[in-house]
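Just so you know, all these numbers are worked out from the coordinates, no wet-lab data involved. None of these values were measured; they are calculated from a predicted model. Neighbour counts run over all protein chains shown; Cβ positions are idealised from the backbone, glycine included.
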């Protein structure tokens with residue numbers, strides 16, 4: 001019963017957002033029922049639709065965790081975008097430089113390099129916060145813009161693939177590709193990594209002492225400090241861990257999906273990751289489920305653009321509205337107490 | 001005129017031209033912050049201002065109407081921010097981020113709905129230069145300061161006006177006190193809520209106008225994500241300017257100069273890859289933050305919501 005009660009505000013928020021967007025669609029001259037059929041069922045109609053959904057779920061879950069893990073300590077990591085891209089750069093660089101290594105070596109190296117690169121990008125912001133008390137929202141956002149230029153530099157530099165019209169590097173060594181799990185439609189093993197990370201984060205935050213300290217820091221930094229937790233170290237630590245997870249998202253896109261670095265490979269995943277993290281109210285264990293729901297909307301949204309020509313941005317508006325309604329439901333709950 | 005003089009004049013003129021979005025967005029941020037409302041949706045609001053401003057001037061043929069509607073849209077975002085934070089007491093960062101998403105989404109959706117997808121970008125007329133008689137004849141200073149578009153003049157006058165209001169009038173004193181100690185202000189009969197609403201709305205209007213400046217002066221058209229982080233830089237700039245109108249004006253010149261330099265070097269060609277030059281504004285912002293954060297004076301109640309029923313602040 002309490003589970004249903006907990007779920008109820010989510011359901012109402014989603015329905016309310018769909019209602020508003022439905023009216024908007026109708027006003028614009030589209031058929032809302034047809035639109036929602038496409039949005040909600042594309043993922044489940046065909047095996048391809050389902051695999052597409054899983055492939056979106058991977059980066060969405062990881063970038064959302066990159067946001068919620070630091071948020072557990074009260075810090076806002078808006079830099080998953082940059083950390084993901086720098087992670088992809090690290091993975092690609094190692095994958096190209098050592099392309100002749102055997103898979104048993106190259107694949108772990110690619111993953112490690114990407115995660116380290118991503119966490120280094122987060123470390124810059126974490127260090128600026130630790131050392132100079134610089135607001136992490138600003139530093140992580142600014143680092144995003146720097147990372148765009150960095151990707152452009154790498155993808156148009158000596159590793160450029162001259163055959164590609166868009167800034168793209170040559171492929172990494174085939175031994176660095178993430179193994180394929182299902183051949184047709186193709187699903188790579190990035191999903192296993194994402195599941196492992198999601199479970200690890202859950203275990204860390206809910207079953208370990210340092211995970212507990214992390215949550216306490218977020219809940220009440222002053223009380224935590226009084227009780228001997230080094231809160232500033234917690235901020236640093238959580239931002240770096242979040243960045244490593246975002247870096248892994250970059251690794252998976254580079255070594256699993258594209259097998260190379262492509263400008264714009266981050267797509268809109270990091271932005272959606274933030275929305276997912278906020279929808280999950282910062283709860284790490286809720287992230288994978290919310291991410292799955294958003295993956296369905298995203299796959300359905302692009303199908304809708306193809307079939308009935310509704311601009312895909314409508315889905316972003318729907319997602320933002322769901323978020324607002326979920327936040328509003330908190331206030332209603334507070335008032336009822 | 002010698003070659004060097006032309007170069008310097010051109011550079012300064014462009015710097016004053018590029019200063020405007022920074023001045024407007026940062027003064028808007030400052031105004032809200034002075035009563036404790038910390039807006040972090042600048043990037044999204046500027047995009048909405050750019051998108052709406054462009055679309056309205058395109059359909060009506062009037063930049064003035066476009067700019068006014070962009071301001072109204074920005075003001076609406078400011079109103080929503082004030083309502084969710086001041087009335088509903090939700091976390092300011094969370095609401096700001098949500099508004100940032102909505103603004104970004106709306107800005108790219110609206111042109112597709114209004115204009116659709118076209119092969120050649122639809123263009124609006126860019127703002128004309130309005131030379132001020134006599135003054136614009138002065139060498140160097142004339143073209144730099146007195147031969148600019150109307151919003152350059154507006155942003156300078158606005159900064160002086162805001163300084164006067166905030167630091168030389170009773171209204172400004174009351175307004176600032178709300179951001180420093182709302183409980184004491186409330187006890188003195190100052191309306192905390194209305195002060196927060198008004199500054200947040202006017203702040204949003206200025207940020208919306210800052211966005212509209214981009215298509216109306218730089219490009220003549222709207223492109224997705226055309227703000228390129230200027231909204232975020234404006235937040236850093238506000239800290240750099242110690243939440244004070246005149247230092248913000250000076251700081252805007254600094255950030256504008258870096259933007260112009262970065263662009264000039266990219267176009268002019270140099271031994272440094274252009275990608276690294278395009279990082280310049282962001283790196284400069286981070287360096288500036290290192291030197292100003294923690295040292296600059298910030299409204300004491302910045303980013304916090306005031307609940308008059310609570311006993312402690």
* Asked: Using a simple spin-label model with points 7 Å from Cα along the Cα→Cβ vector, what separation in nm is obtained for residue A:199 and residue B:183?
  -> 5.0 nm
* Could you tell me the distance between the Cα centroids of the range B:71-89 and the range B:118-154, to the nearest Å? => 32 Å
* **Euclidean distance between Cα centres, the range B:8-50 to the range A:136-182, Å** => 31 Å
* Structure fact -> Ordered by fewest other Cβ atoms within 10 Å, a rough proxy for footprinting exposure, A:168, A:156, B:104, A:209 read A:209, A:156, A:168, B:104
* To do: Between residue A:11 and residue A:184, take the C-beta separation as r, use R0 = 60 Å, and let me know the FRET efficiency to the nearest 0.05.
  => 0.95
* To do: Return the distance in nm (one decimal) between the two label points of a simple spin-label model at residue A:100 and residue B:135, each offset 7 Å from Cα along Cα→Cβ.
  => 7.1 nm
* **Degrees, to the nearest 10: B:230-240 long Cα axis against longest axis of chain B** => 60 degrees
* Asked: Using 7 Å Cα-to-Cβ label points, what is the residue B:60/residue B:165 separation (nm, one decimal)?
  -> 2.2 nm
* Structure fact -> chain A, Gaussian network, Cα under 10 Å: of A:82, A:90, A:165, the residue fluctuating most is A:165
* To do: Could you list the square roots of 5 times each eigenvalue of the Cα gyration tensor of the protein assembly as shown, that is, the equivalent ellipsoid semi-axes, sorted largest first and rounded to whole Å?
  => 38, 31, 26
* Asked: What is the extension gain from residue B:223 to residue B:157, computed as 0.36 nm multiplied by their sequence separation minus the C-alpha to C-alpha distance, in nm to one decimal?
  -> 20.8 nm
* Efficiency of FRET from Cβ geometry, residue A:309 and residue B:126, R₀ 25 Å, rounded to 0.05 -> 0.20
* Relative to the first principal axis of the alpha-carbon coordinates of chain B, what is the inclination of helix B:192-213, with its axis defined by its Cα atoms, in degrees from 0 to 90 and to the nearest 10? -> 10 degrees
* In bins 20 Å wide, starting from 0, what share of all Cα pairs of chain B does each bin hold, as a percent? -> 33, 56, 11, 0
* To do: In a Gaussian network model over chain B where Cα atoms closer than 10 Å are linked, find which of B:211, B:303, B:32 has the largest mean-square fluctuation.
  => B:303
* To do: Considering Cα pairs under 8 angstrom that are at least six residues apart, work out the relative contact order of the range A:37-176 and quote it in whole percent.
  => 26 percent
* Structure fact -> Checking B:157, B:206, B:261 against a Gaussian network model of chain B (alpha-carbon springs below 10 Å), the top fluctuating residue turns out to be B:157
* Structure fact -> Whole-Å distance linking the alpha carbon centroid of the range A:211-280 with that of the range B:219-281 is 28 Å
* Structure fact -> Per-residue average of other protein chain Cβ atoms inside 10 Å, peptide B:111-122 -> 1
* **Footprinting exposure proxy for B:214, A:248 (fewest neighbouring C-beta atoms within 10 Å first)** => B:214, A:248
* Asked: For the range A:17-336, what is Rg from Cα atoms divided by 2.2 N^0.38 Å, rounded to two decimals?
  -> 1.02
* Ellipticity estimate at 222 nm from DSSP helix runs (n ≥ 4, -39,500 (n - 2.57)) divided over the protein assembly as shown, nearest 500 -> -24000 deg cm²/dmol
* Let me know the mean shielding of A:129-136 by other chains, meaning the per-residue number of their Cβ atoms within 10 Å of its Cβ. => 4
* Rounded FRET efficiency, nearest 0.05, which uses the C-beta distance separating residue A:48 from residue B:271 and R0 of 41 Å -> 0.25
